[in-house]
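What follows is one structure encoded as structure tokens, with my remarks underneath.
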Amino acid sequence: MGINKRIRKVAVLGSGVMGSQIAAHCVNAGLQVVLLDLKSDDPNRPDKIAEESIRKILKTKPVPFGLPEFASRITTGNFEDDFDLLKDADWICEVIIERMDIKKEMMSKIEAVRSKSAIVSSNTSGLPITEIGEGCSEDFKKNFIGTHFFNPPRYMKLLEVIPTKHTAPEISGFMHEFCERVLGKGVVLCKDTPNFIANRIGIFSIGSMLPHFFDGGFRAEEIDLLTGTLTGYSKAATFRTADMAGLDVTLHVANNIIPSIPKDEKKEVFDLHSQFKKMVASGKTGNKSGEGFYKKVQKGRKREFLVINPQTLEYESQQVLEDPTLAEAGKIRNTGERLKFLAFSETKIGRFIWETQRELLLYAAHRIPEISDSPQDVDRAMKWGFNWELGPFERWDALGMDAVIKRMEAEGLEVPALIKEMKASGFDTFYKDGMVYDPASKSYKKASPSAVGELKAVGIRKEKAPVFENASAALYDMGDEVALFEFKTKNATLGFELVQSLEKSLDIVSSEFQGLVIGHDGDNFAYGANLMEALQAHESGDWQKVVDAVTGFQRTAVKLRYVPFPVVAAPFGRTLGGGTEFCLYSDKVVAHHELYMGLVEVGVGLIPAGGGTTELLKRAMAKLEGGADPLPFIREAFKTMGMAVVSDSAHKAQELGFLKDSDVIVMNRDLLLKTAKQEAMALIRSGYQPPAKTSVKVLGQTALAAMKLMLYVMHESRFITDYDKVVVERLAFVLSGGDLSEPQEVSEDYLLKLEREAILECLKDKRTLARMEHMLKTGKPLRN
């Protein structure tokens, strides 16, 4: 980095929606945080504005804090009384109103109190960063930079970092590394141009689609279907994204940019459609007002999302777009190939896709080098900031540069200079074999990593052949005598073949490696057992196959703890059922902060039987100190599994007992496998030996009676269904150690046997099979 600096204390100035949530995310990352805002008129509560902002975001969904109690770690204050709190801040992040005069005045106040080593940033969605700091000293300017977080800051990966011409290069480099590693952001360095990268391209994209809706080409829900995951955009597509962001915010950003881009060939697109302006003027501002392009209404027990009529601006029921072109496109799994098929199909849908893609491709190509020198950075900004699957230049590649040029020329359009230069230099794709086109050198350069030091399964795959592989899983050499076990199944479900592959891999690692990491590059770590396989095994009438599957899964999961080498699990996203059990029996867990972990088997009429029930009981009993009553701890484990509780962060997973205090939480997903490998190597160097099996104290009838009473009350109050009660009583039986007359020590194997017996009893019950079938058909639990 070229700079010896560390950020421990952050001062956030401005406690609005963004400021308060930036403060929350900094607390999630373990930083000390001060949050200041205007002084309240209430003489008894001078810090009321900042305090109420924190209270407000505690009710926000999705939740900004890793744990609600993290809110108490934020020191609140006001600009008038507490500005001295900035004196020892390492980073001062200004997030006040988007007005140049007020921001410049704030910079002068900050300069008067900041330490010489403090970094100062302005969080703005588009105001010129250089102008904000222009009235300050040269030393201030060297330490001043722009930071543009995306809302909500905890969940949106993108952070645009905007150095000015005065910012010291070492400060830019340090903030890039800090925000990437500590805050977990996907950092894109931007030029100080209007609206930077993501909003410049994103607002253009939305603006270019509005005429297709308001001028009668397609309905809003149809455009969202055609500009969603079908064509490589986000699940929220175009108009649902606008509703989430706020239509007033979208209009404000678009209006602000117009005077700043006099030479932009498409500046008229930012003058958004007159009907859109009418929507905003009438209070239809999106999700926050309850009305935008969509409106949620309750009809009896069902809720319906109505859609706005482009002419009347009244709401009506959605319609389903049925077209044979869409049916054909649905058969194409690769998003780029699907996009190309649609864009070049001679249909109404095809013309819409082509026209919207053409405008996006032209606009993005014309913005190089104005907003960025790097096509890769533009793509990342759109993927990380708007959740697109394909960035603009990846779309050029998907559609085929030659085909796009030919069609543009046939339509009488000028091909952008960037594309002409590429073709003249002999290049026809922006990306190729891990390389990306660099316009400055007119050559391919190695694509930069998403985070410095990232390690991904796809990278290992490119460099080394697998040690072992089949359709469900693969084992790779990560280097340094550590292996990686990768899930390859759809949705990371844990089917028979995957479990058998893991057991086989444990044998391979035992003889050829010193440690094992379990992880992969997918969107979620594991969705649990493959229910379809389980149903098929049951329906085949081969009960022994079902018994073998249950036994094999449990044996493999528990084996993770007792093999003669360290096993490190690297979970992220949804980590459910058996995926959680793999983590429970690993020696160490390196978890991404965004971890949604839980033993949810009850929802499909089962109990955790891959060792999960036994391990949560062991962890509950390990909390006992002295002569403490163990029953409250057992009840907590019982509630966690019986209510299928899922964590909403890695911190919550620790609180629930799924993670140990010694497990590691990583903020940046791209650094997860690297950190997991480092932890495995540390265990190897420390002379790792597997733990000895220990006995577990169980309470027998005492615990069983207490848990049955809980269930009786819940059932009588209709909080649980008849079959919920049956299934959870089977769980209670295991947690009690069976129907023992008095408390006693039992072996782990004894409890594991109870687990197997309980789940097999569930699998014989038609009500469990009905739950499994319903989950497969609808994706929702059956409350029978």
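The values are calculated or read from the model by the stated rules, or taken from the named source; none is laboratory data. The structure displayed is predicted, hence computed values, not measured ones. All Cβ positions, even for glycine, are placed from backbone atoms using ideal geometry, and neighbour counts span all protein chains on display. Accessible surface is based on the protein model in full, side chains and every heavy atom, while ligands, DNA and RNA are left aside. Shrake-Rupley method; radii C 1.70, N 1.55, O 1.52, S 1.80 Å.
Descriptive notes on the structure:
- Working from label points 7 Å from Cα in the Cα-to-Cβ sense, the ASP88 to MET621 distance is 4.7 nm.
- Angle of helix 348-366 to the longest C-alpha principal axis of the chain, folded into 0 to 90 degrees and rounded to 10: 70°.
- Segments 319-331, 572-584, 88-100 sorted - mean Cβ within 10 Å per residue, highest first: 572-584, 88-100, 319-331
- In range of the label at PHE344: residues from the stretch 395-412 whose backbone nitrogen is under 16 Å from the point 7 Å along Cα→Cβ: 395-411
- Taking θ as phi - 60° and the Karplus parameters 6.51, -1.76 and 1.60, the scalar couplings of the stretch 23-38 work out to 4, 4, 5, 5, 5, 3, 7, x, 8, 7, 10, 10, 10, 10, 8, 4 Hz in sequence order, x denoting glycine and proline.
- Under 13 Å, Cβ to Cβ, from LYS753 - net charge with Lys/Arg +1 and Asp/Glu -1: -3
- Antiparallel DSSP beta bridges within the stretch 120-279, as percent of all bridges there, nearest 5: 40
- Cα centroid separation - the stretch 128-171 against the stretch 357-392, whole Å: 21
- A 1.4 Å probe run over the protein chains yields, for the chain, 43 Å² of accessible area per residue, whole-number rounding.
- Cα-based shape type of the stretch 489-596, given that a ≥ b ≥ c are square roots of the gyration tensor eigenvalues and the cut on a/c is 1.5: oblate
- Converting phi to 3J(HN,Hα) with the Karplus coefficients 6.51, -1.76 and 1.60 and the offset θ = phi - 60°, the stretch 65-78 yields 8, x, 9, x, 5, 4, 4, 5, 7, 8, 8, 9, x, 9 Hz in sequence order, with x at every glycine or proline.
- Phi angles across the stretch 584-599 convert, under the Karplus curve 6.51 cos²θ - 1.76 cosθ + 1.60 with θ = phi - 60°, into 3J(HN,Hα) values of 4, 9, 7, 5, 8, 10, 10, 10, 6, 4, 7, 10, 10, 10, x, 9 Hz, Gly and Pro given as x.
- Cβ-based net charge around GLU322, under 15 Å, with every Lys or Arg adding one and every Asp or Glu removing one: -2
- Förster radius 56 Å - calculated FRET efficiency between ASP629 and HIS252 (Cβ-Cβ, nearest 0.05): 0.45
- FRET efficiency for VAL182 and PHE468, using Cβ-Cβ distance with R0 set to 30 Å, rounded to 0.05: 0.25
- In terms of packing, defined here as the mean over residues of other Cβ atoms within 10 angstrom, the peptides 598-605, 647-654, 206-213, 695-702 line up highest first as 598-605, 647-654, 206-213, 695-702.
- Expressed as a whole percent, the accessible surface of the stretch 182-279 that belongs to carbon and sulfur atoms is 57, based on a 1.4 Å probe.
- 22 Å Cα-Cα threshold exceeded, pairs from LYS420/LYS445; LYS302/LYS780; LYS639/LYS693; LYS235/LYS446: LYS639/LYS693; LYS235/LYS446
- Candidate values (i) 1.02; (ii) 1.08; (iii) 0.98, label of the one derived for Rg/Rh (Cα atoms, Kirkwood Rh): (iii)
- Protection proxy ranking of 607-616, 16-25, by the mean of other Cβ atoms within 10 Å over each peptide's residues and highest first, is 607-616, 16-25.
- The chain - share of DSSP beta bridges that are antiparallel (%, nearest 5): 40
- Overall form of the stretch 1-98 per C-alpha gyration tensor (a/c, 1.5; a/b vs b/c): oblate
- 5 angstrom amide H check on TYR444, placed H, neighbours 5+ away: ASP438
- Förster radius 30 Å - calculated FRET efficiency between SER72 and ARG8 (Cβ-Cβ, nearest 0.05): 0.95
- One decimal place: the segment SER741-LYS296 gains 154.7 nm when fully extended, by the rule 0.36 nm per residue minus the C-alpha distance.
- Stretchable slack from LEU535 to LYS753, in nm (0.36 nm times residue separation minus alpha-carbon distance): 76.3 nm
- Across the accessible surface of the stretch 299-435, with the other protein chains kept in place and a 1.4 Å probe, carbon and sulfur atoms take up 48 percent.
- Extension gain, GLU314-GLU409: 0.36 nm per intervening residue step, less the Cα-Cα distance, totals 30.1 nm.
- Alpha carbon centroid spacing (whole Å) that separates the stretch 238-291 from the stretch 20-89: 30
- Annotation for GLU421 and SER289: the two label points, set 7 Å from Cα along the Cα-Cβ direction, are 4.3 nm apart.
- Estimated distance in nm for a label pair at ASN151 and THR551, the labels positioned 7 Å out from Cα along Cα-to-Cβ: 5.8
- Taking the protein heavy atoms of the stretch 683-784 in the context of the full set of protein chains, the accessible area attributed to carbon and sulfur is 55 percent at 1.4 Å.
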